[in-house]
Amino acid sequence: MDHRAVAIIPSNNLDESEAFYRRLKFDVVSDYGNYRILEDGRGWHLHLTHVAGWPRNIEDNPFGLYLYVEDVDAAADGVRELIIEEGAPHERPWGTYEFSVSDPSGLLVRVGRIIDDP
């Protein structure tokens, strides 16, 4: 068993959240009604949990998620019209090539790679 951290993401609408994460190449591997487990088959894992009324105001969602991926441009193609920053993906001063989107509950999702990685 390898060590890993898995985000448990609250969602007011699991169907909308699932559809969003499918665009980032996640698939549901377990569905327990108000709790769904998603994976991409390459190491990404997410758990979606239903929380009615979450968040009260979408702009108040304080959470974020960073997904590291080899092909940032291919990932961006799946959510191109949702990318927050114009011209992204692009290089960032902290040494990544990335883009950002918001999931249906306002969670900030950054997708990128470390520039110096071979």
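The values are calculated or read from the model by the stated rules, or taken from the named source; none is laboratory data. Predicted model only: the values in this text are computed from it and were never measured. Here the Cβ is made from the backbone with ideal geometry for all residues, glycine too, and neighbour counts use every protein chain on show.
Values computed for the structure shown
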{"read-out": "Residue within the stretch 50-67 that is over 12 Å from VAL111 (Cα atoms) and assigned to a strand (DSSP E or B) present", "value": "yes"}
{"read-out": "Complete set of residues in the stretch 6-29 that are free of Cβ contacts under 8 Å to residues at least 60 places away in the same chain and among the acidic types (Asp, Glu)", "value": "ASP15, GLU18, ASP27"}
{"read-out": "Residue in the stretch 35-44 that is in contact with a Ser or Thr (Cβ under 6 Å, 6 or more places away or on another chain) and modelled with pLDDT of 95 or more present", "value": "yes"}
{"read-out": "Selected residue (only one of VAL29, VAL79 is surrounded by fewer than 15 Cβ atoms within 10 Å (Cβ to Cβ) and at negative phi)", "value": "VAL29"}
{"read-out": "All positions within the stretch 44-72 that are surrounded by 11 or more Cβ atoms within 10 Å (Cβ to Cβ) and either among the acidic types (Asp, Glu) or within 30 Å of ASP116 (Cβ to Cβ) (or both)", "value": "TRP44, HIS45, LEU46, PHE63, GLY64, LEU65, TYR66, LEU67, TYR68, VAL69, VAL72"}
{"read-out": "Odd one out for ASN61 among (1) in contact with a Gly (Cβ under 6 Å, 6 or more places away or on another chain); (2) at pLDDT 95 or above", "value": "(2)"}
